[in-house]
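The values are calculated or read from the model by the stated rules, or taken from the named source; none is laboratory data. Bear in mind that the values here come from a model prediction, so they are computed numbers and not experimental data. Only protein heavy atoms, including side chains, enter the accessible area calculation; ligands, DNA and RNA are left aside. Shrake-Rupley method; radii C 1.70, N 1.55, O 1.52, S 1.80 Å.
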Amino acid sequence: MVLSERMQALGDQARTSRRWQAGQSPKEDHVDVAKTAVIHEWDNWAALHTDDLKSPNVCNYFFRHLQENKVELLEFASANKWQSVHDWLFQEHRVKD
């Protein structure tokens, strides 16, 4: 399954399971799908880059990976995409602040 189809499937699943929470806009839903896809990519990337996980620059390394290899995962609304990705990884306990 190609990434865009996967992101669509994740979005469909999220909408079905949540039944569109009160007040949530389609834009917010798209960000939720992007967050899920980025976290999934982190898990895959981290499994292959265990030595980099010890570095204080690990978020920079991962973000560069997204920019160079998975740019479609950065197609979400945000004034600061790096900060959004960092915040998601921190919220999901993938990185320390």
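The length gained by stretching the chain between Glu68 and Lys54 to full extension, at 0.36 nm per residue less their Cα-Cα distance, is 2.9 nm.
Accessible surface computed residue by residue for the stretch 24-78, with neighbouring protein chains in place and a 1.4 Å probe, gives 57 Å² per residue.
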